[in-house]
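All remarks here apply to the structure that follows.
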């Protein structure tokens with residue numbers, strides 16, 4: 001059970017912030033070799049799972 005929730009406006013703001021951040025960082029990573037890009041994409045998937053809570057729920061300590 002979540003103790004907090006994001007509003008629709010908050011979710012829209014977060015999506016917009018992530019989009020703007022990605023666009024700002026794109027030039028920094030544009031010249032990476034494919035192997036490095038693949039590694040970063042895998043790391044993103046792991047972090048996304050953790051932040052989205054799917055891993056937290058699975059790894060949560062019993063109460």
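Only a single item in (1) surrounded by 10 or more Cβ atoms within 10 Å (Cβ to Cβ); (2) under 16 Å from the mean Cα position of the chain (by Cα); (3) at pLDDT below 95 is not met by residue 39, and it is number (3). For segment 9-21, the criterion of being more than 11 Å from the chain's Cα centre (by Cα), loosely packed, with under 10 Cβ neighbours inside 10 Å and modelled with pLDDT of 90 or more is satisfied by at least one residue. Scanning for something at pLDDT 90 or above and in a helix (DSSP H, G or I), does segment 47-58 turn up at least one residue? Among the residues of segment 47-58, at least one is at pLDDT 90 or above and in a helix (DSSP H, G or I), which makes the answer yes.
The values are calculated or read from the model by the stated rules, or taken from the named source; none is laboratory data. Quick caveat: nothing in here was measured; it's all calculated off a predicted structure. Backbone-built Cβ (ideal geometry, glycine too); neighbour counts: all protein chains shown.
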